DNA sequence: TTAAACCATACTAACTGAATGTAGTTTAAA
DNA sequence: TTTAAACTACATTCAGTTAGTATGGTTTAA
């Protein structure tokens with residue numbers, strides 16, 4: 001049930017780009033992303049190229065170039081990113097919606113394992129296809145603001161709290177669903 | 001988010017042992033399991049040994065030996081089996097309950113990815129730790145009986161339906177929870 | 001014109017997954 | 001008591017994936 005390192009890095013980078021956009025930063029360099037997230041730079045370059053080919057991000061070449069999201073963050077689901085890097089969400093092929101594959105069992109219709117795994121795949125997809133980069137970015141920024149932590153990618157060092165809130169979105173709409181529970185403190 | 005072949009085989013074999021027990025069959029040989037599920041026999045032998053070492057099954061050696069569940073099927077959760085074979089359910093180490101591992105990100109408390117993945121891990125564990133072999137077996141047998149399919153591991157060839165129902169359990173209690181939805185027909 | 005940045009390919013070491021092979025030991029039954 | 005079916009143990013293999021490195025570009029703004 002693992003997410004690969006590559007998938008993790010891709011998500012981190014995209015979340016960072018989403019945060020940068022939210023904070024008013026137009027471009028972020030690979031070197032900066034790699035340093036912030038402790039990702040080997042050449043490896044991250046590969047990943048960024050892939051994300052660009054697939055239309056998630058855009059690049060500006062040359063000196064002082066960098067990357068930005070190609071679409072608004074709320075139009076990029078987490079599920080799409082994970083599928084691109086790590087393949088189908090389903091634990092076994094015979095319950096995948098996007099990449100169905102017949103399994104070895106003789107009678108799929110009566111396979112108890114399949115029924116169970118369909119449940120699991122729906123639970124995973126229900127989360128990853130519902131939430132977008134925007135949700136993750138919003139929840140992250142909220143927590144950071146609440147704890148008075150300086151925001152990343154701010155052009156100027158983090159300004160006064162009241163000023164920060166009125167950046168791009170005049171008002172934060174409440175998050176519904178599962179992620180919202182995580183706004184409160186939680187232990188491991 | 002994949003379940004390994006090994007994990008799949010282990011689950012199939014255990015579900016089969018659960019079905020055999022339910023149908024009154026005391027022991028099942030590896031050769032029979034391998035044939036039914038199309039699993040390479042030597043590979044399955046390895047898996048059975050592991051399951052035995054971990055106390056999920058017992059063996060009877062010698063001619064006409066075989067394997068049986070070491071505990072009642074409702075005392076073996078699917079999650080425990082998956083964890084044994086494939087490791088933690090969590091997509092990334094920093095949200096695992098059973099095998100927590102610090103991740104590379106500088107600030108775990110404000111990591112949006114972590115919050116999301118915690119959600120995913122809870123969704124997966126919520127299913128796999130709730131359901132037991134008994135649940136899967138019951139749901140499978142129900143479907144087979146409903147469709148009048150001969151049950152596997154029956155000592156005699158499948159008897160008339162009315163006779164089959166009154167085997168071990170005098171009456172089937174209704175299944176609650178998510179799996180119950182799957183009792184009705186579903187498409188891929 | 002140059003340095004910072006992105007772009008493109010090729011390569012590789014280590015690991016894991018999925019078996020296969022060989023050689024036993026045990027035990028019920030003929 | 002022999003024997004064959006069944007489990008046990010451990011070594012080996014082989015392909016594919018993961019997680020990177022390495023090398024050498026091309027672009028473009030200062």
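Computed from the coordinates by the stated procedures, all read-outs in this text should not be read as laboratory data. Note that the structure is predicted; figures quoted are calculated from it, not measured. FYI the Cβ positions are ideal-geometry reconstructions off the backbone, even for glycines, and counts take in every protein chain you see.
For the peptide A:120-126, the mean number of other protein chain Cβ atoms found within 10 angstrom of a residue's Cβ is 6. Between residue A:43 and residue B:80, the FRET efficiency estimated from the beta carbon spacing at R0 = 30 angstrom works out to 0.30. Name the shape class, rounded, prolate or oblate, that the alpha-carbon gyration tensor gives for the stretch B:54-93, where a ≥ b ≥ c are the square roots of its eigenvalues, rounded holds for a/c under 1.5, and otherwise prolate holds if a/b is larger than b/c and oblate otherwise. It is prolate, given that a/c is not under 1.5 and a/b is the larger ratio. Note on residue A:154/residue B:54: beta-carbon distance plugged into 1/(1 + (r/R0)^6) with R0 of 56 Å gives a FRET efficiency of 0.65. The other copies place their residue A:150 label points at 7.5 nm from this one, listed shortest first, where each point is 7 Å from Cα along Cα→Cβ.
The spacing between the stretch B:71-98 and the stretch A:21-77, judged by their C-alpha centroids, is 36 Å. Here the residues A:133, B:89, B:69, ranked from fewest to most Cβ neighbours within 10 Å of their Cβ, fall in the order B:69, B:89, A:133. For the pair residue A:29 and residue B:6, label points projected 7 Å from Cα toward Cβ lie 4.4 nm apart.
The other copies place their residue A:40 label points at 3.0 nm from this one, listed shortest first, where each point is 7 Å from Cα along Cα→Cβ.
Every Cα-Cα pair of the stretch A:78-136 was included, and the share exceeding 19 Å stands at 32 percent. On the rotation that sends chain B to chain A, the chain B Cβ lying closest to the axis gives residue and distance in whole Å as B:123, 2. Sorted shortest first, the distances from the residue B:70 label point to those of the same residue in the other copies are 5.3 nm; each point sits 7 Å from Cα along Cα-to-Cβ. Just so you know, the averaged projected area of the alpha carbon convex hull for the stretch B:25-109 sits at 7.6 nm².
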